[in-house]
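Accompanying notes for the structure given below.
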């Protein structure tokens, strides 16, 4: 069963604009991670935010986590055509097997 | 450092045939995972391993078997392929510990006719 649900399913913006994707989940977590997948490729880890963190930055990426609402958002600032990809949130419930449960993803298209 | 590699990249099987997908990692990771990705479904965990000689079932294990005889390799087997197993299969690995990310292979696209 999917733990995370991304919203929107698809997002189309112009280069230079900001892109915001949201993720909601159902159960308590140890951390939440965001991954990017370019078409036809494997997933690449972007950023990890622990359950006791509220905000984290990495380059043009900003992630927030609200554990009371069981939600997270990923903001990509000043987007580029190369940011076109699918973005997935994944939750780690803290079990000893470190399994991730992925959402269905947001397809981001950045138009030049 | 090749990271996580998968063999083969593409495969077409007929219903009832068998095959093995190979995942190899050179990062000395303890944990390895097999996922399948279907359109609109995200990634679903098939089986995983927490160390050499161990395997465990994930969310969708039926129709698949796995083995981890060597730490660096994780094999996914389909004994009798079915059209429902048409999918893209991804392998991933990670270090042991609570805040590490998973590293993914490039995927194997499998079609069962």
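For the pair residue A:58 and residue A:7, how long in nm is the line joining their label points, each one 7 Å along Cα→Cβ?
Taking the simple label geometry, residue A:58 and residue A:7 are separated by 2.5 nm.
Anyone know which of B:65, B:28, B:73 comes out most mobile in the 10 Å Cα GNM of chain B?
Looking only at B:65, B:28, B:73, the largest GNM fluctuation is found for B:28.
What distance in nm lies between label points placed 7 Å from Cα along the C-beta direction at residue A:80 and residue B:17?
4.2
Nearest-5 percent of antiparallel DSSP beta bridges in chain A? Numbers along the way, then the final one.
On the way: 39 of 44 bridges.
Rounded to the nearest five, the antiparallel share is 90 percent.
Can you tell which of B:53, B:77, B:42 shows the greatest fluctuation in a Gaussian network model of chain B with Cα springs below 10 Å?
B:42
Determine the gain in length on full extension of the stretch residue A:26-residue A:44; use 0.36 nm per residue of separation and subtract their C-alpha separation, reporting nm with one decimal.
On the way: separation 18, 0.36 × 18 = 6.48 nm, distance 2.37 nm.
Between residue A:26 and residue A:44, full extension yields 4.1 nm more.
Counting alpha carbon pairs within less than 8 Å and at least 6 residues apart, what relative contact order, in whole percent, applies to the range B:49-101?
Details: 43 pairs, mean separation 12.7, N = 53.
Result for the range B:49-101 is 24 percent.
For A:32-44, what's the mean count of beta carbons from other chains sitting within 10 Å of each residue's beta carbon?
Values: counts 0, 4, 1, 5, 0, 5, 0, 0, 4, 5, 13, 11, 3.
So the per-residue partner count for this stretch is 4.
Quick check: residue separation of residue B:56 and residue B:27 times 0.36 nm, minus the Cα distance between them. What number comes out in nm?
Extra length available between residue B:56 and residue B:27 comes to 8.3 nm.
Need the C-alpha centroid separation for the range A:76-98 versus the range B:1-33, integer Å.
23
Starting from the 7 Å offset along Cα-to-Cβ, what nm value, one decimal, do you get for the label separation of residue B:41 and residue B:111?
Result: 1.8 nm between the two label points.
Label point 7 Å out from residue B:67 along Cα-to-Cβ: which residues of the range B:1-36 have amide N under 16 Å?
Under cut-off, by backbone N: B:18-24.
Given a Förster distance of 41 angstrom, what is the FRET efficiency for residue B:9 paired with residue A:93, based on the Cβ-Cβ distance and rounded to 0.05?
0.80
Bear in mind these aren't lab numbers, they're just calculated from the coordinates by the rules spelled out. Owing to the predicted nature of the structure, the values given are computational and were not obtained by experimental measurement. Positions of Cβ are backbone-derived with ideal geometry, glycine not excepted, and every protein chain shown enters the neighbour counts.
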